[in-house]
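Taking it in order: structure first as structure tokens, then the write-up.
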Amino acid sequence: MRLVDTHCHLQSERYSEDREAVLEESLNRLEWLVIIGDDLPSSEAALALVRHRVYAVVGVHPYYAAAFDAAQEEALAALAARPGVVAIGEMGLDYFNEYSPRAAQQTAFRRQLEMACALGLPVAIHNRDADADTYPILKEFSTSLKGCIMHCFGSTAADAERYVELGFHISFAGNVTFPKAEALRDAARVTPLDRLLVETDAPFLAPIPFRGKRCEPHHVAHTAACLAELKGVTLEAFTAQTTANAAAVYGIAH
Ligand SMILES: [Zn+2]
Ligand SMILES: [Zn+2]
């Protein structure tokens, strides 16, 4: 079984010159990949890239929560019903970049959690410096959610344990390979292998040795190699387990 990229933004303008080539190379090297929206236009653009072995997640990022009104909610529900959609997101709270007021972030977050529960879809969570509110909100929904991915995990090992206890998956991106990311590696150490996912968040956070460059989905292999070593398993065993985890949480059968 080959690796997958559980979270990338291939619809980003950073790929406007060579999107199809990047997608083709990534599909040559990966089993499948998931393209994530962060507002309505980017969710629509993610859906436009859906094809064999390419899936979409549609949602509104906390950056854009202030604009999330009833009309957007209705439009998002329509996008969520389209073929190829495997989750709602990315949604959540970002108190580091407080581009929308916290109250608006929490409202958009709750509305999308309710939508995911109603549609029976899992969720992709963006959480930055906001665990004090993210955790209790997610706990409230945890028994009704089909699945929950803590994407680009950036909190502590103790936080990772709390989210794992709720039944969630913890997804690590390329920043886990950075020299100073020991706290993040601690979080990966305490995450059970059967709850661990790997992603790029491309075009952001390219792993070593591509740090600072535009990230591409197939770069996930470098993050996977780092994590496999951390977990003390072969890359083959790591890949088989994390790809199976991702397939289970997204409901993707290959
Ligand atoms: Zn994010
Ligand atoms: Zn993202």
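Where a number appears in this text, it was derived from the coordinates with a stated rule and is not lab data. Keep in mind it's a predicted model, so treat the numbers as computed, not measured. No Cβ is skipped: glycine too gets one built from the backbone with ideal geometry, and neighbour counts run over all protein chains shown.
Annotations
- Taking the chain as a Gaussian network of alpha-carbon nodes connected by springs under 10 Å, the highest mean-square fluctuation of the residues 234, 242, 177 belongs to 234.
- Per residue of the chain, the DSSP helices (runs of n ≥ 4 H) give a summed -39500 (n - 2.57) that works out to -13000 deg cm²/dmol at 222 nm.
- Kirkwood hydrodynamic radius of the range 22-151, from inverse mean 1/r over distinct Cα pairs, in Å: 14.7 Å
- Only Lys, Arg, Asp and Glu carry charge here, each on its Cβ (+1 for the first two, -1 for the last two); on that basis the chain has a dipole of about 440 debye about its Cα centre.
- Computed over neighbours whose Cβ is under 11 Å from that of residue 60, the net charge equals -4, Lys and Arg +1, Asp and Glu -1.
- Net charge of neighbours whose Cβ lies under 13 Å from the Cβ of residue 206, counting Lys and Arg as +1 and Asp and Glu as -1: 0
- Neighbourhood net charge (13 Å Cβ-Cβ; Lys/Arg +1, Asp/Glu -1) for residue 45: -1
- Inter-centroid distance (Cα atoms) of the range 25-81 relative to the range 84-144, Å: 15 Å
- Sorting the segments 209-218, 72-81, 49-58 by their residues' average number of neighbouring beta-carbon atoms within 10 angstrom, most packed first, yields 49-58, 209-218, 72-81.
- Think of the chain as having a plus end and a minus end, set by charges on the Cβ of Lys, Arg, Asp and Glu; of 3, 35, 22, 3 sits farthest toward the positive end of this dipole.
- P(r) tail fraction, the chain - alpha-carbon pairs more than 28 Å apart, %: 25 percent
- Within the range 5-250, DSSP assigns beta bridges of which about 5% are antiparallel (rounded to the nearest 5).
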